[in-house]
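Sharing a structure with you now.
The values are calculated or read from the model by the stated rules, or taken from the named source; none is laboratory data. Computed from a predicted structure; not experimentally measured. Cβ sites come from the backbone with ideal geometry, for glycine too, and all protein chains shown count toward neighbours. Heads up: the accessible areas ignore ligands, DNA and RNA and are worked out on the full protein's heavy atoms, side chains in. Shrake-Rupley method; radii C 1.70, N 1.55, O 1.52, S 1.80 Å.
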Amino acid sequence: WDNADFSRGIGTTFYQEFPTLNTAKPPFVRDVEAKVRRYLRSSYSAAWTLKITWEKAPAYAARTDTRRTITYQAILTTDGFRSYVLMLYQEGGMRWDYTRLAATNVLIGYT
């Protein structure tokens with residue numbers, strides 16, 4: 001997640017929490033569990049999940065280019081012992097013009 005810039009009134013951020021320790025799990029949480037199981041080939045049952053969505057986020061500095069926006073999500077989930085993050089990008093990947101960003105060592109993901 002680079003420096004998204006919402007200062008021009010373009011784009012927004014949403015979040016939704018899913019505490020599921022003692023409640024029925026909505027389809028979204030069941031889908032997250034299935035992804036964790038599939039990618040890690042491990043059993044997993046979420047106790048808590050947080051979905052954060054950055055919608056139509058322009059790159060910093062928005063004053064120079066607000067045409068290339070990106071929608072992406074971070075899904076944080078834990079069973080109380082293990083924690084995971086799923087990073088999801090809209091089809092086509094990160095659409096910011098990385099040649100115009102302040103940093104030149106741009107990666108999608110984290111290290």
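What ranking do 28-36, 52-60 get when scored by the average of other Cβ atoms within 10 Å per residue, highest first?
For the peptides 28-36, 52-60, the packing ranking is 52-60, 28-36.
Taking 22 Å as R0, compute the FRET efficiency from the Cβ-Cβ separation of Ser43 and Leu88 and round it to 0.05.
0.45
Going toward the positive end of the dipole of region 12-100, with +1 on Lys and Arg Cβ and -1 on Asp and Glu Cβ, which of Leu76, Ser42, Pro19 do you reach last?
Ser42
Based on the alpha carbons, how large is the Rg to Rh ratio for region 12-100 when Rh follows Kirkwood?
Result for region 12-100 is an Rg/Rh of 1.08.
Okay, moving on. Taking H placed 1.01 Å from N in the peptide plane, check which residues at least 5 places from Trp48 or on another chain put their amide H under 5 Å from its amide H.
Thr20, Thr78
Residue separation times 0.36 nm, minus the C-alpha to C-alpha distance between Thr53 and Leu76: what's the value?
The Thr53-Leu76 span can extend by a further 7.1 nm.
Give the lysines whose C-alpha is closer than 17 Å to that of Lys35, dropping any in the same chain fewer than 8 places away, or say none.
Reachable lysines: Lys25, Lys51.
Over the heavy atoms of Arg8, what accessible area does a 1.4 Å probe trace out, to the nearest 10 Å²?
Roughly 150 Å² of Arg8 is accessible to a 1.4 Å probe.
How charged is the neighbourhood of Arg37? Take every other residue with its Cβ under 15 Å from the Cβ of Arg37, and add Lys/Arg as +1 and Asp/Glu as -1.
Neighbourhood net charge equals +3.
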